[in-house]
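Quick notes on the structure that follows.
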Amino acid sequence: MPQFGKSVIKIDEYAIIQLREVRKGIQRYADTVIKNFDRAGVWDIVKEEISDAVEEKFNTGGYGRWKPLSPEYAKWKQRHYPGQKMLVREGTLKAAATGKSGHSVIRKGPNWFEYGVKDIPYAAIHELGGRVRKKTSKSGKRRSRGGTIRIPQREYLSISVARFKKLRDRVKEYLAQRFGKEVFRFLIDKGGRG
């Protein structure tokens with residue numbers, strides 16, 4: 001049993017064994033909770049934060065970091081799609097990237113989450129950048145000289161560090177509400193292995 005002195009706490013071997021057994025019991029409970037935990041609520045938070053971050057990127061031109069359109073293309077786009085922001089003509093890519101269309105990819109598993117865009121041929125070149133062959137007009141004539149053009153990378157699917165921290169904090173808050181603050185503190189404290 002623990003013995004309390006004036007300024008010293010003495011804990012005997014029996015008390016240490018008891019504490020270890022309590023900790024093992026809590027660890028078994030935590031392992032069971034984690035193993036059987038339905039992560040749907042977590043994935044809903046992740047989807048919402050990623051969708052909001054992507055929407056923000058489209059609205060701000062990648063927080064002002066996307067390379068500007070070439071003067072020639074900017075002029076053409078203003079004439080044919082007035083007022084549309086970068087990476088937006090008719091809104092197909094933006095809708096897919098923000099989880100609002102059939103081209104959106106949102107898949108969930110017990111321990112994984114996927115978010116992206118499918119079946120939009122130009123999606124990857126804008127996210128990653130690279131070279132593409134120039135298109136021909138409907139009449140079959142080339143729009144301009146040369147064989148390829150360079151598309152600068154304009155990441156729209158990544159999230160900022162600040163957004164990631166917000167996401168992390170929202171998930172922590174959700175888990176604390178779901179499991180109770182004391183159990184949650186134990187779960188994030190090295191899984192209870194201090």
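Please go through the range 110-132 and pick out each residue that is open to solvent by less than 90 Å² (accessible area, probe 1.4 Å), under 22 Å from Leu69 (Cα atoms) and not hydrophobic (A, V, I, L, M, F, W, C).
Of everything in the range 110-132, those that are open to solvent by less than 90 Å² (accessible area, probe 1.4 Å), under 22 Å from Leu69 (Cα atoms) and not hydrophobic (A, V, I, L, M, F, W, C) turn out to be His126, Glu127, Gly129, Gly130.
Restricting to the range 38-50, give me the number of residues that are part of a helix (DSSP H, G or I) and either open to solvent by 50 Å² or more (accessible area, probe 1.4 Å) or at pLDDT 95 or above (or both).
3
When you look at Gln84, is it polar (S, T, N, Q) and not in a loop (DSSP other than H, G, I, E, B), yes or no?
no
Only residues in the range 37-55 that are among the β-branched types (Val, Ile, Thr) count as the first member; pair them with residues that are outside any helix (DSSP H, G or I), Cβ under 7 angstrom, at least 6 apart or cross-chain, and list the lot.
The qualifying pairs are Val46/Phe113; Ile50/Tyr115; Ile50/Ile159; Val54/Thr98; Val54/Tyr156; Val54/Leu157.
Of the residues Lys6, Lys67, Lys75, which is more than 23 Å from Ala176 (Cβ to Cβ), more than 20 Å from the chain's Cα centre (by Cα), at pLDDT 95 or above and assigned to a loop (DSSP other than H, G, I, E, B)?
Lys67
Of the residues in the range 64-109, how many are more than 30 Å from Asp38 (Cα to Cα), touching a residue at least 24 places away in the same chain (Cβ under 8 Å), open to solvent by 40 Å² or more (accessible area, probe 1.4 Å) and not charged (D, E, K, R)?
Final tally of qualifying residues: 2.
The values are calculated or read from the model by the stated rules, or taken from the named source; none is laboratory data. Because the structure is predicted, anything quoted here is derived from the model rather than measured. Positions of Cβ are backbone-derived with ideal geometry, glycine not excepted, and every protein chain shown enters the neighbour counts. Please note that ligands, DNA and RNA were not included when accessible areas were found on the heavy atoms of the full protein model with its side chains. Shrake-Rupley method; radii C 1.70, N 1.55, O 1.52, S 1.80 Å.
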